[in-house]
1. What is the dipole size for region 106-175, taken about its Cα centre, with +1 at each Lys and Arg Cβ and -1 at each Asp and Glu Cβ, in debye to the nearest 20?
2. Which value in deg cm²/dmol, rounded to the nearest 500, describes the helix-derived mean residue ellipticity at 222 nm for the chain, given -39,500 (n - 2.57) per DSSP H run of n ≥ 4 and division by the residue count?
3. Quick one: dipole size for the chain, taken about the Cα centre, charges +1 on Lys/Arg Cβ and -1 on Asp/Glu Cβ, in debye to the nearest 20.
4. With the dipole of region 5-164 worked out from charges on the C-beta (+1 for Lys and Arg, -1 for Asp and Glu) around the Cα centre, which of SER146, VAL30, SER135 lies farthest toward the positive end?
5. Counting other C-beta atoms within 10 Å, and keeping those with at most 13, which DSSP coil GluC sites (Glu not before Pro) do you find in region 62-98?
6. Put a dot 7 Å past each Cα toward the Cβ at GLU107 and SER158; how far apart are the dots in nm?
7. With the crude spin-label approximation of a point 7 Å out along Cα→Cβ, what separation in nm comes out for GLU65 versus THR132?
8. Can you pull the one-decimal nm distance between simple spin-label points at GLU169 and ARG24, each 7 Å off the Cα toward Cβ?
Amino acid sequence: MALRREYDKEICPVARSLEVVGERWTLLIVRDAFYGVQRFTDFRAHLDIPSAVLTERLKLLVDHEILATSIGTSGRDEYLLTPKGEQLWPIVWAMMHWGNEYYVTEELRRPIVHYGCGGQLTPLGNCGRCGTVPSPRDLEVHPRASEPKAAGRDDRVSRLLTRPHRMLEPLTEVA
Ligand SMILES: [Zn+2]
């Protein structure tokens, strides 16, 4: 449910941002879009989210021009981050880092690596090796050291993320 609109919230940028990306699932959809997920069926299977909720969240993201649709090779809609959507990367990364730090053991973290450099992203979002702040397109998501046994995830996205993957490039099967 959206936050109630009140005057003090109208001028608070955090409240305004949360109205758009603060609902359950929304930032996870954005995270998956950074991982290269583009198809409705892939979001649904990877997030294990009801279709109706996913439809609603995708519509919100498209309405706010965070995602844009295009017709994919399959003839179905695909969802891609817009430049405005890509600017959510520091927020997604900050939540990843904070969550890792306090709630996720090391072997279950997905390292985020500066592509072509090999340095890991620091908490501040710059590369630990060369110091630059890579754009998400220059990052690679690496597999976890060990996949959680209990989860038993065998959806297409989980499978494809068991090898290094360049961010924002569509997740495609290995030939
Ligand atoms: Zn680097």
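1. Here the size comes out at about 40 debye.
2. Helices in the chain give a 222 nm mean residue ellipticity of -10500 deg cm²/dmol.
3. 200
4. SER146
5. Within region 62-98, the qualifying GluC sites (Glu not before Pro) (loop, at most 13 other Cβ atoms within 10 Å) are GLU65.
6. Between SER158 and GLU107, the simple spin-label model gives 1.8 nm.
7. Between GLU65 and THR132, the simple spin-label model gives 2.8 nm.
8. 3.6
Computed from the coordinates by the stated procedures, all read-outs in this text should not be read as laboratory data. If you're wondering where the values come from, they're calculated on a predicted model, not measured in any experiment. When we count neighbours, we look across all protein chains shown, and the Cβ atoms used for this are built from the backbone with ideal geometry, even at glycine.
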